[in-house]
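Novice: Got a structure here, written out as structure tokens. Questions coming.
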Amino acid sequence: MAGPRLSALLRTAARPHAEALGEWDVTQVALHISHAADVVTAMSRGGGNLIENIADLATLQRVMVAGEGVRPLAEVADRIDASVAGFLAAMEVEAAVDDSSHSWLIQGSQMPLSTLTCHILNELTVHGLDIARAMGVPWPIDPGHASLILQGFVFPALHTLGRDMVVQEKAGGKRARFEVRLRGDGRAWLRFDGGDFSVEGSPQGKVDCHLSVDPSAFLLVAWGRTSQWPAIAKGQLLAWGRKPWLGLQLRSWLRNP
């Protein structure tokens, strides 16, 4: 339902040129979502490996959006619907075989079909919020969807990107392990090791900082859509352990691609 929810929002937008995300307006964010859905669908069919390094992603996205010119939002909504439908059709075929690996964005990287599915869900959900905020309408994020995005896409992507996601100026010399407990279901262990980074399915050493997080709040903090401080004040992000103060630093140790 994430796709129809977003396209319905776009078809009711009264201000298509309202600022939505950085230099992009509502229409441009919608175009980016359309591109992302097309790219992930292509990956599910054997495409992928578009860029050499994650640092090249922002430039590629800007060029693709700028190349579109001005498009009616209804047209972009139709494109998103078609792309999501195409991906779901491809997913049904592939899922009948197994959760096989497919080429992902970065050269040499691969992701299972389940991760590609959560990648699209992430685009629809997080950028849907960007558009909803620009329109001044609510966009609640279901904690179950947020947990699925985190476990199915964000954590695998972070692990695949590894060292490239570390803010070396702040965490290059750090050695720490975080346990992230998603309320409701799921956990992951994030390991920083002298500039390297990995996501563990089980702890491979002592945990320095345990985090209990509301999945929706953690997702928005992870993507830089909200500050961690209101979430901490509301009890949505809690830290304890041998070095609980590291919980306040975690977000600043990772880049936002």
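Novice: Among helices (runs of 4 or more DSSP H) lying entirely in region 112-193, which contain 2 or more residues that are under 17 Å from the mean Cα position of the chain (by Cα) and among the aliphatic types (A, V, I, L, M)? Break it down into steps so the answer makes sense when it comes.
Specialist: Working: elements: 113-135, 143-149, 155-161, 168-171.
By residue number, 113-135, 143-149, 155-161.
Novice: Hey, residue 199 hits all of (1) in contact (Cβ under 8 Å) with a residue 40 or more places away in the chain; (2) open to solvent by 70 Å² or more (accessible area, probe 1.4 Å); (3) touching a His at 6+ places or on another chain (Cβ under 7 Å) but one; which does it fall short on?
Specialist: (2)
Novice: Sticking with this one: Just one of 38, 25 is open to solvent by 60 Å² or more (accessible area, probe 1.4 Å), under 13 Å from residue 76 (Cβ atoms) and charged (D, E, K, R); which is it?
Specialist: One residue alone meets the criteria, 38.
Novice: Please find, among 162, 247, 173, the residue that is touching a strand residue (DSSP E or B) at 6+ places or on another chain (Cβ under 8 Å) and within 30 Å of residue 51 (Cβ to Cβ).
Specialist: On the way: 247 fails: within 30 Å of residue 51 (Cβ to Cβ); 173 fails: touching a strand residue (DSSP E or B) at 6+ places or on another chain (Cβ under 8 Å).
On inspection, the qualifying residue turns out to be 162.
Novice: Just one of 11, 45, 15 is over 30 Å from residue 93 (Cβ atoms) and of a type in the set (Lys, Arg); which is it?
Specialist: Selected residue: 15, the only one of 11, 45, 15 that is over 30 Å from residue 93 (Cβ atoms) and of a type in the set (Lys, Arg).
Novice: Additional query: For region 88-106, state whether one or more residues are open to solvent by 30 Å² or more (accessible area, probe 1.4 Å) and at pLDDT 90 or above.
Specialist: no
Novice: What do you reckon, is residue 237 under 23 Å from residue 107 (Cα atoms) and in contact (Cβ under 8 Å) with a residue 12 or more places away in the chain?
Specialist: Spelling it out, it is not the case that residue 237 is under 23 Å from residue 107 (Cα atoms) and in contact (Cβ under 8 Å) with a residue 12 or more places away in the chain.
Novice: Can you give me the number of residues within region 162-183 that are open to solvent by 20 Å² or more (accessible area, probe 1.4 Å) and out of contact with any Gly (no Cβ under 7 Å at 6 or more places or on another chain)?
Specialist: Adding up the residues that qualify gives 7.
Novice: Which ones in region 214-241 are in contact with a Ser or Thr (Cβ under 7 Å, 6 or more places away or on another chain) and either among the aromatic types (Phe, Trp, Tyr) or part of a helix (DSSP H, G or I) (or both)? Explain how you work it out, then say what you get.
Specialist: At the first step, the residues of region 214-241 found to be in contact with a Ser or Thr (Cβ under 7 Å, 6 or more places away or on another chain) are 215, 220, 238.
Once the filter is applied, which keeps residues that are in contact with a Ser or Thr (Cβ under 7 Å, 6 or more places away or on another chain) and either among the aromatic types (Phe, Trp, Tyr) or part of a helix (DSSP H, G or I) (or both), region 214-241 yields 215, 220.
Novice: Which of the residues belonging to region 137-178 are among the small types (Gly, Ala, Ser) and farther than 16 Å from residue 252 by Cβ?
Specialist: Within region 137-178, 144, 146, 147, 152, 157, 162 qualify.
Novice: List the pairs whose first member sits in region 33-58 and is within 20 Å of residue 5 (Cα to Cα), whose second member is open to solvent by 40 Å² or more (accessible area, probe 1.4 Å) and modelled with pLDDT of 85 or more, and whose Cβ atoms are under 7 Å apart, counting only residues at least 6 apart or on separate chains?
Specialist: As it stands, the answer is 34/79; 35/64, since those pairs meet every condition given.
The values are calculated or read from the model by the stated rules, or taken from the named source; none is laboratory data. Owing to the predicted nature of the structure, the values given are computational and were not obtained by experimental measurement. Neighbour counts run over all protein chains shown; Cβ positions are idealised from the backbone, glycine included. Note: accessible area is taken over every heavy atom of the protein model, side chains too, but ligands, DNA and RNA are not part of it. Shrake-Rupley method; radii C 1.70, N 1.55, O 1.52, S 1.80 Å.
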